[in-house]
Amino acid sequence: MDRQDEHTTSHPTSSHWGAYDVLVSGERVVGVRPDAEDTDPSPLSGNVPAAQHHGTRVAAPAVRRRWLERGPGPDGLRGSPGDEYVQLDWDAVLDLLAAEFDRVRREHGNAAIYGGSYGWASAGRFHHSQSQVHRFLNTIGGYTRSRNTYSHACVEVLLPHVVGLGGTADLLERAPTWEAVAEHTDLVVTFGGLRLSNTWNASGGRARQTAAEGMRAAAGNGVRTVSVSPLRDDTIDEMGAEWLPADPGTDTAVQLALIHTLFEEDLADRAFLARCTVGADVLRDYVTGVRDGVAKSPEWAEGLCGLPARTLRGLARRM
């Protein structure tokens, strides 16, 4: 990752996967060097030099040739093998964009402008492409934007019905820290959620990678972990996790079987459910088979997820 010599200059930067120095020789990126304070840097930064100069990288603004020749509107050849793009300078492209925004607003109204660019493009908030696009489109009268995200739209829609509207933000934006887990938790049950590579990215950027050291500290403090996942390496070795290799796509069956055991063996906190929830009786009737005649028992789940019924029942009791 480090190819610095007397002709190489170093430039500090920050990305979604951490802070590091970019090493430049002439006009080429030749390497990266993790920030000195990041003791467990993500290997993703090693892709920077190759990506910077890759042949598929868009190096300058480009416009479809047929759009330049024919103007806006439907085109059945868009995306076809013969569909060409022409590189233009920024002044020309900005003039084209301004004229097109003006045309769409004039002919169809601001609601016809879709403000996309949901994805991440750079660290920080000022240079965050989505924020900049939305800010700009608001200054010209507004636009139509997307709802939810392609990352966890199902969670965003479903969770308010499970934990209440106020609890959704807590779960998505203020998850418990590893320090809190280490101090207050006896057992962590995870459905593929502790994979270390999942922690390498953070919207807005990271200063240093802390997940692995937090996981190790929790394990060192006696926290036990059960990983329900098709992949053994969804948890780091130092956690000493018990691996339950459920078949892909069967998480829900496992969870229903756990709930069934809690109700069947009177392990559920019924006073809490009565005081703090709505619909626990409906859930109980479903998992016990009152509603459809199918009890979602560990034996039922075993045929779907591949985990022995005794294992699922034992896990529910431990939880």
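The values are calculated or read from the model by the stated rules, or taken from the named source; none is laboratory data. Predicted, not measured: the structure shown is a model, and the values here were computed from it. Neighbour counts run over all protein chains shown; Cβ positions are idealised from the backbone, glycine included. Just the protein is used for accessible areas: all its heavy atoms, side chains included, with ligands, DNA and RNA removed. Shrake-Rupley method; radii C 1.70, N 1.55, O 1.52, S 1.80 Å.
Give the stretch 1-38 a look and list any residue that's outside any strand (DSSP E or B) and modelled with pLDDT of 90 or more, or say none.
Step one: of the stretch 1-38, the residues outside any strand (DSSP E or B) are 1-7, 16-17, 26-27, 35-38.
Passing the criteria: 26, 35, 36, 37, 38.
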Of everything in the stretch 209-230 that's part of a strand (DSSP E or B) and touching a Lys or Arg at 6+ places or on another chain (Cβ under 9 Å), which residue is surrounded by the fewest Cβ atoms within 10 Å (Cβ to Cβ)?
224
From the list 100, 84, which one is farther than 30 Å from residue 199 by Cβ, free of Cβ contacts under 8 Å to residues at least 40 places away in the same chain and open to solvent by 60 Å² or more (accessible area, probe 1.4 Å)?
84
Considering each residue of the stretch 187-203, count those that are outside any helix (DSSP H, G or I) and surrounded by fewer than 18 Cβ atoms within 10 Å (Cβ to Cβ), and give that number.
9
Could you tell me whether residue 216 is closer than 30 Å to residue 13 by Cα and touching a residue at least 60 places away in the same chain (Cβ under 8 Å)?
no
For the stretch 276-319 the number of residues that are of a type outside the set (Ser, Thr, Tyr), outside any helix (DSSP H, G or I) and open to solvent by 20 Å² or more (accessible area, probe 1.4 Å) is 11
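With modelled with pLDDT of 90 or more, basic (Lys, Arg) and open to solvent by 30 Å² or more (accessible area, probe 1.4 Å) as the only criterion, which of 145, 206 stands out? Before you say what the answer is, go through the steps one by one.
Numbers: 206 fails: modelled with pLDDT of 90 or more.
Answer to the selection: 145.
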